[in-house]
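This report refers to the structure that appears directly beneath it.
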Amino acid sequence: MLLDFRNLPFDDGTFVHVVFDPPHLISAGPKSWLAAKYGRLDGDWQQDIRQGFSECWRVLCPGGTLVFKWNETQVKLREVLQLAPQLPHYGHTSGNKGLTHWQVFIKDVAQ
Ligand SMILES: C[S@@+](CC[C@H](N)C(=O)[O-])C[C@H]1O[C@@H](n2cnc3c(N)ncnc32)[C@H](O)[C@@H]1O
């Protein structure tokens, strides 16, 4: 991990485009290859994701776009979207089982 998405070392409105691709597993064994590849959420993961969204939104400039990727094998997309700063403008589903979601948020120019 190069930096912590819960505490980004950038000024407000630094970026026109941000991608938030956090771990999506809340339950995985110590030998899980999925957890080794994608990471795992621990403890109060809702607060971590909420804080990650908040930081991504903060460093995004007005008019900028945030892309959020989520695989809902363990946690439904609708549940995690409740932690977002606003509803996404649109999204796309991918993967063999249709469980991977790409959601696009556009920050209002007035924000
Ligand atoms: C779903 S993977 C995303 C992989 C990324 N798209 C890539 O291609 O490398 C989630 C990643 O978030 C990292 N991660 C976990 N907690 C983090 C945190 N608090 N801040 C930043 N990265 C974190 C994990 O180590 C893992 O590499």
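The values are calculated or read from the model by the stated rules, or taken from the named source; none is laboratory data. Keep in mind that this is a model prediction, so the values were computed, not measured. Don't worry about glycine lacking a Cβ; one is built from the backbone with ideal geometry, like all the others, and counts go over all protein chains shown.
Overview of results
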quantity: Residues of the range 1-32 classified as hydrophobic (A, V, I, L, M, F, W, C), closer than 18 Å to THR73 by Cα and at pLDDT 90 or above, total; calculated: 3
quantity: Positions within the range 1-35 being within 9 Å of the ligand (Cβ to nearest atom) and surrounded by fewer than 13 Cβ atoms within 10 Å (Cβ to Cβ), in sequence order; calculated: MET1, LEU2, LEU3, ASP4, ASN7, VAL19
quantity: Criterion violated by ASP42 - all others in (1) among the acidic types (Asp, Glu); (2) modelled with pLDDT of 95 or more; (3) under 18 Å from ASP4 (Cα atoms) satisfied; calculated: (2)
quantity: Filter pass, THR93 being polar (S, T, N, Q), at pLDDT 95 or above and more than 15 Å from the ligand (Cβ to nearest atom); calculated: yes
quantity: Among (1) closer than 28 Å to GLY63 by Cβ; (2) more than 12 Å from the ligand (Cβ to nearest atom); (3) exposed (fewer than 15 other Cβ atoms within 10 Å of the Cβ) - the single one ASP44 does not satisfy; calculated: (1)
